[in-house]
Amino acid sequence: MEHDPNEIWRRTQEVIAAAMEQKNLRPGDLAAIGITNQRETTILWERKTGKPIANAIVWQDTRTDNFVTEFSRHRGGQDRFRAQTGLPLATYFSALKVRWLLNNISGARAKAEAGELLFGNIDTFLVWKLTGGPEGGIHVTDVTNASRTQLMNLRTLSWDKGIVKTFGIPEQILPEIRPSSESYGAAQPEAIRGVPIAGILGDQQAALVGQACFRRGEAKNTYGTGCFLLMNTGEKPVQSKYGLLTTVAYKFGRQPARYALEGSVAIAGALVQWLRDNLKIIEKSSDIESLACTVKDNGGVYFVPAFSGLYAPYWKTNARGVIAGLTRYANRGHLARAVLEATAFQVREVVEAMEKDSHIRLETLRSDGGMIMNELLMQFQSDILNRPVVRPVIRETTALGASYAAGLAVGFFRDTDELRANWAVDHTWKPKMDKPAREALYRVWKKAVTRSFDWVE
């Protein structure tokens, strides 16, 4: 799975210009700019020209699975670097993608060692471009994105020299790690010239900030391409024993970093897209709900979407997708319902792991992302969790979190208390399913998941 970095930069410029023109805004009307981005997606580009040496490798890409096997052979296995980075060895994170590019793109390693290449996730690439690119562009990332590379030490918030060396990555290509809320530099494009870029947050951490989860134990779940549950664990990283990730939640200026536990599900909304694009069962993504409503239940059909292996809480790179329970009774409606229910089942698995790790019960689940407009899914989520699920008034919490970080850096917002006061509930789903039905469904789901294990030999 790849993206064209040049297209991302073109679209960024187009959207900025269009948004400013639409509201008749000038650079002086803006207090600051915040950036939120798809984490782990990896780019290497030339320092002198800004030209990417290859397409960006997307977080879901699995081409590095042989590296996972190779590095897992040593003491500690898949958790070899977990104590330092909070992450298991997996195809998910940036470091192995960088290694793949250096090993497979002709001349890349020599250029990197000569200091001619720069590495970054999407945030770093955009900040460098926005602040001038080859003409003085600033090469930085924030602690949240750095914590997703598998190269940053969680406690020191700096690159771990030992891990960097083990992965064979030249230090000179790495960006400087900075807080999530700080003025990094001034934007250069004409539409926003001179406006300070003052906030960077990886997309899931941005949603946590946008949902005003500033206290220990507060959590949010984002239903997007994947599904990501983050819980604020305060000023100390909590090492997971139940298959979750330990990550940086945010760091505002000189304040201590806040940490989070994260449950990452690779495929959620992407499964709806797959049903639309690959099987042509629906014409547009929003059709999934009406199709699923043509049947009263899943008809015994379960869909385990291990397209990129299984992420939390299993971390099995050799798992693959499975549709289980098919009979001649099953139809398009049952498959559509199984697609939606797959997301809710995966979220329950992550919630259970998070409660075990944190010793905190989630009384309600704060939700955001594109799928929260699906009433059938969200009611089923409440039913299978047996607790309320809430949708906030402002649903674009990822963009909101990035703007909060930028606004705090320049004094546009006073403090997190002011941001907390902005949060309000739009809708609450409450559980309606009885316990025997709920547990029966979940028990069969767990059985279906095991059928996806060890598919790739």
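Before moving on, here are some points about what is shown:
- Long-range HN-HN contacts of Tyr184 with modeled amide H, under 5 Å: Ile197, Ala198
- Inter-probe distance in nm under a simple model that places probes 7 Å from Cα toward Cβ, at Ile281 and Arg361: 3.6 nm
- Area projected by the alpha carbon convex hull of the chain, averaged over all directions, nm²: 21.5 nm²
- Potential extension, Gln22-Lys236 segment - 0.36 nm per residue separation minus Cα distance: 72.7 nm
- Local electrostatic count at Lys446 - Lys and Arg +1, Asp and Glu -1, tallied over other residues with Cβ under 15 Å: +2
- Farthest toward positive dipole pole in segment 331-457 [+1 Lys/Arg, -1 Asp/Glu at C-beta], among Leu385, Ala338, His427: Ala338
- Based on DSSP H segments of at least four residues, each scored -39500 (n - 2.57), the chain has a per-residue ellipticity at 222 nm of -10500 deg cm²/dmol.
- Length-normalised contact order of the chain in % [C-alpha pairs under 8 Å, at least 6 apart]: 16 percent
- Within straight-line cross-link reach of Lys48, aspartates and glutamates at Cα separation under 20 Å, skipping those fewer than 8 residues along the same chain: Asp4, Glu7, Glu113, Glu116, Asp123, Glu135, Glu171, Glu176
- Cα-Cα over 26 Å, subset of Lys220/Lys280; Lys356/Lys435; Lys316/Lys435; Lys280/Lys435; Lys161/Lys251: Lys220/Lys280; Lys316/Lys435; Lys280/Lys435
- Mean sequence separation of contacting Cα pairs (under 8 Å, at least six apart), scaled by the length of segment 58-204, corresponds to a relative contact order of 21 percent.
- Spread over its residues, the convex hull of the C-alpha atoms of segment 400-457 is 173 Å³ per residue.
- Cα-projected label distance for Val444 with Lys430, points at 7 Å along beta-carbon direction, nm: 2.8 nm
- Here the simple spin-label model places points 7 Å from the Cα toward Cβ, and for Phe412 and Ser290 these points are separated by 3.9 nm.
- Around the Cα centre of segment 348-422, unit charges on the Cβ atoms of Lys, Arg, Asp and Glu (plus for the first two, minus for the last two) sum to a dipole of about 80 debye.
- Within-12-Å neighbourhood charge of Leu102 [Cβ basis; K, R +1; D, E -1]: +3
- In the context of the full protein assembly, Ser308 retains an accessible surface of approximately 10 Å², using a probe radius of 1.4 Å and ignoring ligands and nucleic acids.
- Cut-off 20 Å, label 7 Å out along Cα→Cβ of Met1, residues of segment 88-103 by amide N: 88-101
- Between Phe453 and Arg155, the FRET efficiency from the beta-carbon distance, with R0 = 30 Å, is close to 0.35.
- Amide H contacts of Met152: Asp160, each under 5 Å away and 5 or more positions distant or on a separate chain (H built 1.01 Å from N in the peptide plane; Pro and chain starts excluded).
The values are calculated or read from the model by the stated rules, or taken from the named source; none is laboratory data. Because the structure is a prediction, the values reported are computed rather than measured. When we count neighbours, we look across all protein chains shown, and the Cβ atoms used for this are built from the backbone with ideal geometry, even at glycine. Note: accessible area is taken over every heavy atom of the protein model, side chains too, but ligands, DNA and RNA are not part of it. Shrake-Rupley method; radii C 1.70, N 1.55, O 1.52, S 1.80 Å.
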